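Novice: Got a structure for you, written out below as structure tokens; questions coming shortly.
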Amino acid sequence: MPKRLFRWQYALVALVFAGLVLLPFSGDAYYTAIFIIIAIHSMLVIGLCLLMGYTGQVSLGHAAFYGMGAFISAILTVTYNWSPWLAMPLAALSTGVIAYLIGLPLLRLRGNYLAMGTLGMGIIFFILFNELDQYTGGPSGLPGVPGLSVGGFSFDTDFRYYYLVWSVCAVMLLVSWNIIRSRTGRALRAIHGSEAASEAVGIDVPQFKIKVFVLSAIFASIAGSLYVHYLSYVSPNPFEFMFSIRLVVMAVIGGLANIWGAVFGTGAVTMMDQHLGTFGELDVILFGLILVLVMIFMPRGLVPGIVGLWEKWKNRRTKAKA
Amino acid sequence: MSSDQLAQYLFTGLTQGSLYALIALGFAITYTVTGIINFAQGEFVMLGGMLSYLVLDDLHLPIAVAFLIAVIAVSLVGILLERLAIRPAKDAPPVSLIIITIGAAIFIRGMVQQFISKDAVPIPPFTGNGTFSVLGAVVTYQSLWVIGIALVSVVGFYLLLSRTMIGKALRACSINKRAASLMGIDARNMSTLSFLISAALGAIGGIVIAPLAFTQATIGVALGLKGFVAAAIGGFVNLPLIVAGALGLGIVEQLGGATLSAYKDAIAIGALLLVLIIRARWLQTAAGSE
Amino acid sequence: MKRVLKKALFPGLIVLLMVFPLLAAVGCGDGGEETTPEATSQVTPTATAQATPTPTVAPTATPTATAQATPTPTLETYKIGAVFAASGRNAPLGDPEKKTAELLEKQINDAGGINGHKLDIVIYDTESDETKCVLLTKKLIDQDNVIAIVGPTSTGESVALLDTVTKAKIPLVSCAASYKIVQPVEDRYWIFKTPQSDLLAADQIFSYAKKQGITKVATICDSAGFGKNGEEALTMEAPKYSMSIVDKESYGPSDTDMTTQLTKIKGTDAQAIICWGTNPGPAVIAKNVKTLGITLPLFNSHGIANQEFITLAGDAANGVIFPAGKIIALNAVPDTDPQKPVLQKFLTDYQATYNSVPNTFAGHAWDAIQMVVMAMTAVGNDKAKIRDYLENDIKSFAGTGGIFNMSPQDHNGLGPGAFLMVKIVDGKWTAIQ
């Protein structure tokens, strides 16, 4: 019986994977573009899942790291004519350092204080992006961010960019998966279970928390850089507080205990967002309603929820047979 | 900065802070009794303003009646929220409950934008536009209403919690739900009650500030945020500290605005973060867990 | 069983939402449901016969009483895309824009369409979100096969579309304000805009203030796009009028009390206050000014050129002076002004359909759509030709925002005459010199 479950799961994953790989060949530019955005947002949500799901630290200001990566990449490439391939790692590094410096005092806060702290951080950075307009271009932003190219090959079509961002996303998923399966991952889960108990067995709790925080910030920064090179434009507007909240929604809807949930949740929420437009004026209302309903019926998120349903169905079938 | 100007900043801060106090107490009561951070709190405030606008504009009733109707209506919304959205998800992890309140907030906002108005709408001041001078600051009658009604509400809230049986039940629930139910208190009813109270507090705030600030479907987010910040200062449970935090936030906001208005919010939040971090450190050293 | 079904329903829907499009995309290889491929490149023979150079008045659809035989759809539909922020923070701007688009579509089709072709304006709501705007624009280009795009509502969204629109080689007429949308014009080959430039508004304010003998001003601008651009415009233009800005204050678009900033301004030697933002901020400021007993003249930007400002600010609105598109103070516009009949008709039609007065933003959408329709009438269904027409053949076009003269160097096309200085007296707009 377990074998059958296994096969079905693999089949589904293979199907989705095939779909993802083949999508741009359909020639549908609109869906290709949507999935580029899903990949970029997934990078943010993967980091958030690690942070929230595995260490239990909530971050209501993740858009700030997204914005940092975006602006540093944009400013270096537009104003100082750096190569994007130098700017992106520098942005990631800087964001990591900033995350480290902010994380040190912030991660000492617990629960709601931490939520408040990250929220505050998000707001402060948004204001900075907006006000430091000699560098950031203010609300009107900086147009003219160059695209990405390697040697003669340039990622200037959505088709090519799609594979670029999904490859990066896949790498991040693998990195995260490795962390979770390793000793570090077990330590993280211990921390989520109980910080006091973890400390008692000798886990250096603050160090782990910071590491995950910094890693999630780096992922976010890379996402930000990829975003601006895609649009060839940056402005503070996408990095507002409500977007941080949306990231949390995507993470929880997907399922915090599972990094595949990150991609799934991002995809589900993004698709829902795009398709609710067919209901015209009611789209916002429906969005809120669906959020509520999904959380009521699948409180641990879609991935655990669907898997749970599947297993229940399987169990019923085998029970019926017995 | 002249003393007149300082007085003005302080007074405006006090007025805004009174509003934040009402919102913050709303967060506090739901959090302590149910453990949920209700992200729809800001929408209660918005609904208070928008519904009283509806009553005034469409039914042309006097402001006192509109006030009452709006507060009752929003309290009902609070009850509905708890019954329809929160209660069915009782066993969900806290973060999922938060998402439910976020979804509810989006839903409420969307409904108001769709069925009432997308624009900002005005409400006439309760007793006219008159002003007078206090220590060099210009004080409007309406801001006195804000401070006054907030004060009455806070005192009423405190009395409810400390002097009435219901208040005792609420407090019992917030300390230990299981023990409370062993004593015969229905935790579910208390949960509903806490949402009712927080909705009422929010609505009162929304109505009373609307003549000064206008009301619009989108104000819930920013106001909820400020109330959340104020509640965080008091750790969500320490009520006097929460009120002090709210007033403090209001004042720091204005002082920050007077210094560098573009960074007003950043200064206020930065100050708050500093307070939180210092407090956490102080608590840690006090507990000796270094 | 019912419970399982109930439980399965919603997640099932979500899974379908995610997986189905993937399958569809992979399977059919063509996500578009409708539109014939020919719509994109064909120039129907009838359309090209039009002569273009004379200054044109937009083909305003005259609704006739007699049942006009609308040519049957044997001719392909002409499609224009529109992305407006009909909800979210820019809804007060985007929603009237959307309504205008719907109104015009109906009017034009009732009058027989564009040379007999039915006009279809596909409108999407960006929710004031840049990312969403980009995605929806790609949808318009790729799935809906539109030939030109009107909108978006905000500057951020407009500049975000630069890359998409340039790569797709499709003309865009934006309804957003900043000059950065159309400059540097070498990089804005496909992009035009209809709102008047902030610089012009700033000029108008300063030149009027100068006439009143004012030399020192304080500014209070909102920190979002419109306000910041305004602050920039004011800073740039002030020296040209020997004005000095003694204090620059700022407020958040959702702030509800600006007495602090105004108290600070009160303490400076400013002789006038210039406020720049969109409602409700300026209304709050007007009220605060009155409450604080500040008697300095209060100037505003064209962002308050709508009835809402007066409704919100009430008595405090009186005395406020600002540059307005002529749509606001129509009675002050002489009958000889070519804009008058255009404005009159727009006002009447909009009011009749929606029971409310159109604001300047609705006007921007009107201008944008009319220009595209004019181009289509002249050159048909060709993106490049429409772009060329917009750049070269829009001359002396009387729109709601002003008289447009587009050129290869100027993709906005408006000059100083676009604004009228208006003062609010007794709750009404009156033109002043």
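Values in this text are rule-based calculations from the coordinates and carry no lab data. Keep in mind it's a predicted model, so treat the numbers as computed, not measured. Glycine also receives a Cβ, built like all others from the backbone with ideal geometry; neighbour counts cover every protein chain displayed.
Novice: Near residue C:221, within a Cβ-to-Cβ distance under 10 Å, what is the net charge of the other residues, with Lys and Arg +1 and Asp and Glu -1?
Specialist: Within the 10 Å Cβ shell, the charges total -2.
Novice: With each pseudo-label sitting 7 Å past Cα toward Cβ, what's the residue A:282-residue C:185 distance in nm, one decimal?
Specialist: 4.8
Novice: Taking the Cα centre of region A:29-321 as origin, work out the dipole magnitude from +1 charges on Lys and Arg Cβ and -1 charges on Asp and Glu Cβ, in debye rounded to 20.
Specialist: Rounded to the nearest 20 debye, it is 1580 debye.
Novice: While we're looking at this one, here's another question. Would you please give the FRET efficiency between residue A:11 and residue A:154, computed as 1/(1 + (r/R0)^6) with r the Cβ-Cβ distance and R0 = 45 Å, to the nearest 0.05?
Specialist: Working from the Cβ atoms, E equals 0.75.
Novice: Once amide H atoms are placed 1.01 Å from N in the peptide plane, what residues at a sequence separation of 5 or more from residue C:173, or on another chain, have their amide H within under 5 Å of its amide H?
Specialist: Under 5 Å from the amide H of residue C:173: C:149, C:150, C:151, C:192.
Novice: Considering the dipole of region B:3-287 built from charges on the beta carbon (Lys and Arg +1, Asp and Glu -1) around the Cα centre, which of B:182, B:73, B:97 is farthest to its positive end?
Specialist: So the residue we want is B:182.
Novice: Once the Cα gyration tensor of region B:1-48 is diagonalised, what are the square roots of 5 times its eigenvalues, in whole Å and ordered largest first, as equivalent ellipsoid semi-axes?
Specialist: Semi-axes (√(5λ), whole Å): 31, 11, 6.
Novice: Here is the link list: C:240/C:395; B:118/C:193; C:167/C:383; C:99/C:167; C:169/C:395; C:138/C:169. Which ones come out longer than 20 Å on Cα distance?
Specialist: Violating the 20 Å Cα-Cα cut-off are C:240/C:395; B:118/C:193; C:99/C:167; C:169/C:395.
Novice: Okay, moving on. Using only the Cα atoms of region A:69-186, build the gyration tensor, take square roots of its eigenvalues as a ≥ b ≥ c, and label the shape rounded, prolate or oblate: rounded if a/c is under 1.5, else prolate if a/b is larger than b/c, else oblate.
Specialist: Working: a/c = 2.43, a/b = 1.19, b/c = 2.05.
It comes out oblate by the Cα gyration axes.
Novice: Would you please give the residues with an amide H less than 5 Å from that of residue C:114, counting only those at least 5 places away or on a separate chain, with H modeled from the backbone geometry?
Specialist: C:119
Novice: With N set to the number of residues, divide the alpha-carbon radius of gyration of region C:100-256 by 2.2 N^0.38 Å and report two decimals.
Specialist: 1.28
Novice: Please work out the C-alpha center-to-center distance from region C:69-134 to region B:40-105 and express it in whole Å.
Specialist: 35
Novice: Multiplying the sequence separation of residue B:79 and residue B:179 by 0.36 nm and subtracting their Cα-Cα distance, what value in nm do you get?
Specialist: Extra length from residue B:79 to residue B:179 when fully extended: 33.6 nm.
Novice: What is the distance in Å between the Cα centroid of region A:104-156 and that of region A:247-320?
Specialist: Value for the Cα centre distance between the two parts: 28 Å.
Novice: Among C:251, A:264, C:313, pick out the residue whose Cα is farthest towards the positive end of the charge dipole of the protein assembly as shown, where Lys and Arg carry +1 and Asp and Glu carry -1 on C-beta, about the Cα centre.
Specialist: A:264
Novice: If you don't mind, another one. Just the ratio, please: alpha-carbon radius of gyration of chain A over 2.2 N^0.38 Å, N its number of residues. Mind dumping the intermediate values first?
Specialist: On the way: Rg = 20.4 Å, N = 322, 2.2 N^0.38 = 19.7 Å.
Computed over Cα atoms of chain A, the ratio equals 1.03.
Novice: What distance in nm separates the two pseudo spin-label positions at residue C:344 and residue A:318, each 7 Å out from Cα along the beta-carbon direction?
Specialist: About 8.3 nm separates the two model spin labels.
Novice: Next up: Could you bin all the Cα-Cα distances of region B:3-287 into 10 Å bins starting at 0 and give me the percent of pairs in each, rounded to whole numbers?
Specialist: 7, 28, 35, 23, 7, 1
Novice: Which value in deg cm²/dmol, rounded to the nearest 500, describes the helix-derived mean residue ellipticity at 222 nm for chain A, given -39,500 (n - 2.57) per DSSP H run of n ≥ 4 and division by the residue count?
Specialist: One gets -25000 deg cm²/dmol as the mean residue ellipticity at 222 nm.
Novice: What is the pair-distance distribution P(r) of region B:71-167, computed from all Cα-Cα distances in 5 Å bins starting at 0, with each bin given as a whole percent?
Specialist: Using 5 Å bins, I get a P(r) of 2, 9, 10, 13, 14, 17, 15, 10, 6, 3, 1, 0 for region B:71-167.
Novice: Among the trypsin sites (Lys or Arg not before Pro) within region B:123-209, which fall in a DSSP loop and have no more than 13 other Cβ atoms within 10 Å of their own Cβ?
Specialist: none
Novice: What's the magnitude of the charge dipole for the protein assembly as shown around its Cα centre, counting Lys and Arg as +1 and Asp and Glu as -1 at the beta-carbon? Answer in Debye, nearest 20. Intermediate results must be reported in sequence, preceding the final value.
Specialist: On the way: 72 positive and 68 negative charges, 887 e Å.
Approximately 4260 debye in magnitude.
Novice: Please give the length that would be gained between residue B:155 and residue B:260 if that part of the chain were fully extended, namely 0.36 nm times their separation in residues minus their C-alpha to C-alpha distance (nm, one decimal).
Specialist: Values: separation 105, 0.36 × 105 = 37.80 nm, distance 3.48 nm.
34.3 nm is the gain from fully extending residue B:155 to residue B:260.
Novice: What spacing in nm lies between the two simple spin-label points modelled at residue A:242 and residue C:242, each 7 Å away from Cα in the Cβ direction?
Specialist: Taking the two extended label points, one gets 4.7 nm.
Novice: What fraction of the Cα pairs in the protein assembly as shown, stated in percent, has a spacing above 46 angstrom?
Specialist: On the way: 166736 of 545490 pairs.
Result for the distance tail: 31 percent.
Novice: Moving to a separate point now. Which FRET efficiency, nearest 0.05, do residue A:171 and residue C:335 yield, Cβ-Cβ r, R0 51 Å?
Specialist: Efficiency computed from Cβ-Cβ geometry: 0.15.
Novice: Calculate for chain B the 222 nm mean residue ellipticity that helices alone would give, adding -39,500 (n - 2.57) per DSSP H run of length 4 or more and normalising by residue count, nearest 500 deg cm²/dmol.
Specialist: Theoretical 222 nm ellipticity from helices: -25000 deg cm²/dmol.
Novice: If you look at just the Cα atoms of region C:148-198, how large are its Rg and its Dmax in Å?
Specialist: 9.5, 29
Novice: For region C:349-433, what is the Kirkwood hydrodynamic radius in Å, using each pair of distinct C-alpha atoms?
Specialist: Values: mean 1/r = 0.0681 Å⁻¹.
One decimal place: 14.7 Å for the Kirkwood radius.
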